[in-house]
Structures are given as structure tokens and as C-alpha cells.
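Take a look at the structure set out below.
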Amino acid sequence: MYSRREVNPMLRGIRVSPQWALQRRSEQITALLQQGEQKPFKEVIDISSGDSHRTGIKPISFVRQVLSVCLYPELLHDDTLPVDVRQRAQRLLGECDGGSVGSYTDSCGLPPVQRSVAEFITGRDGGVPSYPHNIFISAGSQTALKVMLKLLVRGKGVSQTGVLTPQPYPHTLPMLLEEVGAVLVPYQLSEEQGWALEPGELHRALTASREHCRPRALYISNPGIPTGHVQSRKSIEWVIQFAAEERLFLLVNEVYQDCVYGEGMEFMSYKRVLFEMGQQYSDMVELASFHSISNGIMGECGLRAGYMELVNVDPAVMVFAKTLLCTDISAPVTGQIALEIMVNPPRPGDPSHSKYTQEILTNRITLAQNAQRAWEFLIGLPGVSCQPVTGGLFIYPRLNLPPEAVEQARSDGLEADVLYSQSLLDEEGVCVGAGCEHGQREDKYHIRLCVLTPSATLEKVLACLGSFHLHFLDQFSQHA
């Protein structure tokens, strides 16, 4: 029998995410409720991930209408559908082999989708040109990131590739780095400064890492995941200068670029800033940027599509990127269609423009209002502190837990925020993310909540969280 001992050594060290255990527990409780078991709650509300459709946010109508026609072309003759829906579907079906979304596409994506992405980036970046041959369509941004990491990783021991990674980081990133054989080199974001990136900390991390690996890449998330921090232009310029001086490849996750709502805040892409800094940087700094339909306002997590744009990458290297994407053959065509709509939405004058714009605006308003509401509520709880959120889908409060709770968690073999999250799920039926899966300083505990959810759902979550939190503190203070 094939045993654990025979599993690839690079994979044996991958840690099971605490969130996986919480998700399993959530599913088990849901099954018990469906079987009629009595709980203090009637359903599990899961706001642990950025899957906004799971929480009750409705899909964008134009996306689903176009997909419906592409999946069932007979609807091309249905006059009850807006004409621009049918025209878009007909155009995209015409680009599919056999006129069917069931056919494969080029491994880098459908050419019209690549063109639409390039046009979107050019418009977003104030005219800085983007070219279709630099665009790679993948089954989500994570797949594209894995491709780039595979290209960058080499060496063993002190020559093994290191990737400078922010703490907190996206919870899937450590597993991905372990899978490809890269060394995670953490640099700590400053919670007291709103989770800002501090130059001194990045220098410290780089210098310290050279004792055990060779740092070759710098990973950035802007807006931050899960912190919601939005980088200023000045901060981005400093990072680019740092990458140029240290010859680091920039891996920039920009999946929440359409989720910036902090007062006076705006999203600024790394590519735009890079090209506006002049040729000494725009001609030499290597950059891969990532975006996705899963994250942000559209929230089409299950359709699986995203893109990567490569800047200043040797064409010979880009051939290998395409080769690696070939292992997946092609991204799901339905996802590529949704991606094309995200970057090329209905325009003024189109029959669907008004409804599309209103639905997007409604989601943005809900997100911004929920983020503010959750922050105001959380900072009012005893033992909770929280930085204001200016972007992204999450709020990431810090828990100052009683020593008795921390000790109980240790005796159970858990991090204290996992114990807190498990107890919240068991007692109130609310599933949140545990901060330990994002990397955090010792004895600092956080939870993660998705705030792109119907406002009524958020109010229910906050009510449950408030009563639970007071009970949790009281329970362990009595043990003192």
C-alpha cells in the first residue's frame, strides 16, 4: 500500500490549514441541522472566505444572461433577452471552436479575451500600453501565480529561492510556496500604522533571509489580503525602487482593485506607477500582476478565471509560462467569458448598461457601508481592536484574549484564535477565519470576516458575535 513515507517530500511538509478544519466543522454542523438535530441556531452563516455569493450576494445579471446564451445557443433567438446580451454571446461563441463553450481554447486564453484585458489595463493605467501577447488567462489568479513561482524557483540550501512575503498574508500562499519549493521570507506589516509596509522591515527581512536562502521575488498584495490596506503612490514607488536595487521580481496581487472605498483612497496599479517613474525603472523591473473574477465586486468564485500580465519578462521565459499553462490545457471557457465581461462591461447606450451599472454600484455601496458598520461595532467590544479598512472584502480585528483562554488553547493544541473561532461556530453557528493561518506575531490573535454580504446577514453576524464575545470573556475570567 502506498504510504505517507512515499509521498513527495516537498508535499509532506505542507501544513493543513486551520480554515480547512473550521470548514469541515461547519459542514458537519450543517448536516446535523438538516438531520433535525437541535442547535441554538437554525443555520450556519459562513463569512470566513471571500465567496460573496455564498453569503447571499446576487450574481450580476448581464454576466449570467450572456453565460446562459453561450451555454444554450437556442437563446440567441429569444427576444425577451436584451439585444446586447445576445450580441455579446454570439460574438464570443464565434471565437470558440465549433461555436461551443465546451471546446478547448488556446492555453493562454481566447484571443478576444486577451485583447479585452489588454484594453482594460491600458484604460485603467491612463494610457500606459498593454499588449495581448503579455496577457495569460488562467483558471484563477492562484494558477497564474503558481506558474510564475515555478519559473522563479531553483537551487537548494542557501541558494534556494526565497520569496519576500507580507505578514499577514493570503492564507493559501504558504502552501503554494511549499508546493513549488520556495522559501517563505516574512516581512511584518505594521498593524499600528494601518497595516502599512515599512521600508526598514523589508530591509531587515531581506538581510536576514540571505543566511538561509536567496531572495529572488517580492510578493505584494494591494489592496492587502486580509488587512484591507491600500498602498499610497509613495509606498508603491519605494517598493519599486527597492525591487530595482535588489534585483527582485515583483509578484503583485491586485485582485481587489475594484474594492477601494476608504475616504480619499484610490487604487493605483504597480504597472502604472512603474512606467510613470521613468525608463530607469520601467525598462528593467520585472513584474507579474494578477487579477481575477473570483475576488471583488463580481465574486464569481466558482467560474475560475483570472489573468496575469507580464512586464519586462524575457520572451524566451514567457514561452515556458505558456508551456506550464498547457498542463491545464485551458481555463474554463465560461470563466473566460465572465472575465471578458468584467474588463469590458456594457457601455453607455447599450440596453444593459443601466442595470449592470446599478448592480455593481449597489454591491460597492453595500461593501463600503458594511466595512464601516463592522469596524464601528468591533472597536466597541471589550478586548477587540481593529484598524480602519480602506479596501478589499475583509475586516481583520485583533483579539486581546484572557491568558486563561490562551492557556486552554495551548492545552488543546490550538492557537487561541482557532479556539475562539471554533467556539463561535459551535455556539452561534457563525464561521469566521482564524488569523493564525495568515501568519501573525506570537501572542497576537485575529479573526477574518468577509463584509461583502447582505447587510441583514452582517447585522445577524454582529449580534451573534457580540453576545458570544462577552460570554467567552466572562467564561475565562471566571477561571482566573
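Largest first, what is the accessible-area ranking of Lys39, Lys156 with a 1.4 Å probe?
Numbers: Lys39 65, Lys156 175 Å².
Solvent-accessible surface, decreasing: Lys156, Lys39.
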- Note on the structure: Per DSSP, the loop-located trypsin sites (Lys or Arg not before Pro) within the range 204-234 having at most 12 other beta carbons within 10 Å are Arg210
- Message: So, taking all protein chains as they sit and a 1.4 Å probe, how much accessible area belongs to Lys355, in Å² rounded to tens?
- Response: 110 Å²
- Message: How far apart, in nanometres, would the label points at Lys58 and Leu361 be if each is projected 7 angstrom from Cα along the Cα-to-Cβ direction?
- Response: 1.6 nm
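Taking 0.36 nm per residue of sequence separation and subtracting the Cα-Cα distance, how much length would be gained by fully extending the chain between His212 and Ala21, in nm to one decimal? Can you show the working numbers first?
Values: separation 191, 0.36 × 191 = 68.76 nm, distance 3.18 nm.
This chain segment gains 65.6 nm when fully extended.
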- Using a 1.4 Å probe and counting only protein heavy atoms, arrange His133, His212, His469 so the residue with the most accessible area comes first. His133, His212, His469
- Sorted list, accessible surface of protein heavy atoms, 1.4 Å probe, largest first, for Leu452, Leu401 is Leu401, Leu452
- Starting from the Cα of Lys444, draw a straight line to each of the aspartates and glutamates and keep only those under 13 Å, dropping any in the same chain fewer than 8 residues away. Glu191, Glu192, Glu415, Asp417
- What are the GluC sites (Glu not before Pro) within the range 177-247 that DSSP puts in a loop, where the Cβ has at most 14 other Cβ atoms within 10 Å? Glu211
- Could you list which residues have their amide H under 5 Å from that of Cys213, counting only those 5 or more apart in sequence or on another chain, with H placed in the peptide plane? none
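By how many nm would the segment from Ser411 to Asp97 grow when fully extended, if each residue of separation counts as 0.36 nm and the alpha-carbon distance is taken off?
Full extension of this stretch gives 107.1 nm more.
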- Query: Between Val158 and Arg5, 0.36 nm times their residue separation minus their Cα-Cα distance comes to what?
  - Reply: 52.5 nm
- Taking the reciprocal of mean 1/r across every pair of different Cα atoms in the range 104-343, the Kirkwood radius in Å is 18.0 Å
- Using label points projected 7 Å from each Cα along Cα→Cβ, tell me how many nm separate Leu32 and Glu192, to one decimal. 4.3 nm
- Query: Under a no-solvent Debye model with one identical scatterer per Cα of the chain, what's log10 I(q)/I(0) at q = 0.06, 0.10, 0.13, 0.14 Å⁻¹?
  - Reply: -0.28, -0.81, -1.33, -1.49
- Query: Any idea how far apart Met277 and Arg233 come out in nm if each label point goes 7 Å out from Cα toward Cβ?
  - Reply: 1.4 nm
- Query: Which percent of Cα pairs goes in each bin when the distances of the range 246-315 are cut into 10 angstrom slices starting at zero?
  - Reply: 18, 42, 30, 10, 0
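The values are calculated or read from the model by the stated rules, or taken from the named source; none is laboratory data. Values in this document were obtained by computation on a predicted structure and should not be read as measured data. For neighbour counting, all protein chains shown are included, and Cβ atoms are generated from backbone atoms with ideal geometry for every residue, glycine included. Ligands, DNA and RNA are excluded from the accessible area calculation, which covers all protein heavy atoms including side chains. Shrake-Rupley method; radii C 1.70, N 1.55, O 1.52, S 1.80 Å.
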